Amino acid sequence: MAHFSEAWRQNPEFTSRERRDLEARFKEFDEDGNHFIDQFELQRMFEKMGEPKTHLQLKNMIKEVASNPEQGISFADFIGIVVKQRKGDNEEGSAAGMFGSIADPSLLSAKDKKKLFEAAIAEQSKGAKTMEEIKAESQRRKDEAEAARKRKEEFKARIAAFGNN
């Protein structure tokens, strides 16, 4: 992909594994696949981390780190943030610092890694059904099928009775 290639030409210090991991991480954040992380996607990312941000914080964060804030954070911006984070150039608490440690999980503190892991588990368990829910749904379907079968038999009996008159 062209938008990845250009970023890698400008930053050749990454290994192929790091490149794959960072591309996958960027794609994870870029939910709509338009090659930019917009304000909504950034919001979802921080919510998954258990650290929701205000509209103004997100807007300022994008303005601080994106080369074109109207579009959002490009892959080149994303890699630039990671490079600065690895060098220690992002100030603690700055937008680039907050985003940089999330962009490259290898730079997260143990506390932040725990939050990210717990957030991922919570996200997965939202859609998971308990065994009781599955059994109840199965029983409900059986009951509905039985009721439909009885209605059909009653209908056939009425038709037969009507036909005999």
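Coordinate-derived values only; no laboratory data. These numbers come from a predicted model, not from an experiment. Neighbour counts are summed over all protein chains in view; Cβ atoms, including those assigned to glycine, are modelled from backbone coordinates with ideal geometry.
Structure values in brief
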quantity: Every residue from segment 48-71 that is touching a residue at least 60 places away in the same chain (Cβ under 8 Å) and acidic (D, E); calculated: E51
quantity: Residue list for segment 40-64, restricted to those being more than 18 Å from the chain's Cα centre (by Cα) and surrounded by 13 or more Cβ atoms within 10 Å (Cβ to Cβ); calculated: Q57, K59, N60, M61, I62, E64
